[in-house]
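Read the structure below first, then the notes.
The values are calculated or read from the model by the stated rules, or taken from the named source; none is laboratory data. Keep in mind that what you see is a predicted model, and the values were worked out from it rather than measured. Cβ: placed from backbone, ideal geometry, glycine included. Neighbour counts: every protein chain shown.
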Amino acid sequence: MITVKSCCCVTALLAYSLTVPRVQAQTSAQGTSLQSRVVHSDPSKYRSAPKVHGGAGALSYSGLLGPQDFNVNLIFLHRGVLQPKSGIGHHFHNQMEEMFVIFDNKAQFTIDGRTAELTGPAGAPCRMGSSHGIYNPTDAPTQWMNIAVGSVRGRYDAFDLGDDRVGVPLDAKPIFMNMKLDKSLLKPVPALHGGKGTVHYRRALGPEVFRTNWGYVDHLAIPPSASLGYHRHDLQEEIYYVLSGKGRVVVNGEAAMIAAGDAVPVRLREAHAFENSESDDLELMVIGVALEKGKFDSTDVPLGAARP
């Protein structure tokens, strides 16, 4: 996201991601309003998927974004629910990376055969060449997200191990990389990208974590009357997912209202800003994917400036 200056799944689950025409996102966006590009998480549209990768029970999910929405190698952004006593079986990815994120409750995460319980909001990346799975051992549903980034545009791969990970031994502490979306870990940053007031920010995962062009996962909280200033990226694209609160996003001079559960795609060279005029924090998770591994940029621009 931000550069701080100074500083399926069964086959049916994947069909959409794998068969979308490889249309350049900059072209497909022409004539499309920002409001229509903001994608809303809608549980009424979730579909049930049983025994995903040989896992227990079923999950409910829908696809929010796919490769047609970007120029970078994002494969999909899925949002859904891990039903009680359900999960995603143990499987490998050899040409891509995924990260399961939970927003509440808890779940047992497996990475490379070792399992530990994480309490939401939290996530654990599965790097290219590694294996993972997830299981909800509780009697309550767990709010869930899956993010996939490929080494080849639009190409998904998985090798299932036939292991539902039910009843496996748990490590007292995870011995795999993981992130916590804990607001108490955020640090104050005044006038970020020229914005109003002081926001609170942390890079939860950086580029060294990933083997693909996936660059970062950032956590940002914008207090009332504050903003993330207008800026653009020429080398990476981003997804802003609203964890909580309400606010307004401006992209290339066009504004749209956003609320919890919304995902905002920001493409190459699109100037963008976020502001909070509500009474509670606007809390965001930001996913950044580069065109070329390890190369990122950020340029602050005057609000209302024409698209370069």
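Leu13 meets the conditions (1) part of a helix (DSSP H, G or I); (2) at pLDDT below 95; (3) surrounded by fewer than 18 Cβ atoms within 10 Å (Cβ to Cβ); (4) not acidic (Asp, Glu) in every case but one. The failed one is (3). Could you check the stretch 56-70 and list, in sequence order, the residues that are surrounded by 19 or more Cβ atoms within 10 Å (Cβ to Cβ) and part of a helix (DSSP H, G or I)? The answer is Pro67, Asp69. Taking every residue in the stretch 130-142 that is assigned by TED's automatic domain parsing to the domain that holds Gln108 and pairing it with any residue that is of a type in the set (Asp, Glu) and assigned to a loop (DSSP other than H, G, I, E, B), at least 6 positions away or on another chain, the pairs with Cβ-Cβ distances below 6 Å are Ser130/Asp112; Ser131/Asp112. If you filter the stretch 29-55 down to residues that are small (Gly, Ala, Ser) and not in a loop (DSSP other than H, G, I, E, B), you find that the one that is surrounded by the most Cβ atoms within 10 Å (Cβ to Cβ) is Ala49. Could you check the stretch 141-164 and list, in sequence order, the residues that are modelled with pLDDT under 95 and either surrounded by 16 or more Cβ atoms within 10 Å (Cβ to Cβ) or outside any loop (DSSP other than H, G, I, E, B) (or both)? Matches in the stretch 141-164: Gly154 only.
Do you know which of the residues in the stretch 277-303 that are aliphatic (A, V, I, L, M) and assigned to a strand (DSSP E or B) is surrounded by the most Cβ atoms within 10 Å (Cβ to Cβ)?
The qualifying residue surrounded by the most Cβ atoms within 10 Å (Cβ to Cβ) is Leu282.
The one condition from (1) β-branched (Val, Ile, Thr); (2) in a loop (DSSP other than H, G, I, E, B); (3) more than 21 Å from Ser48 (Cβ to Cβ) that Thr138 does not meet is (3). For the stretch 165-177, check the following and say yes or no: at least one residue is touching a strand residue (DSSP E or B) at 6+ places or on another chain (Cβ under 8 Å), buried (at least 22 other Cβ atoms within 10 Å of the Cβ) and not hydroxyl-bearing (Ser, Thr, Tyr). Scanning the stretch 165-177, I find at least one residue that is touching a strand residue (DSSP E or B) at 6+ places or on another chain (Cβ under 8 Å), buried (at least 22 other Cβ atoms within 10 Å of the Cβ) and not hydroxyl-bearing (Ser, Thr, Tyr), so the answer is yes.
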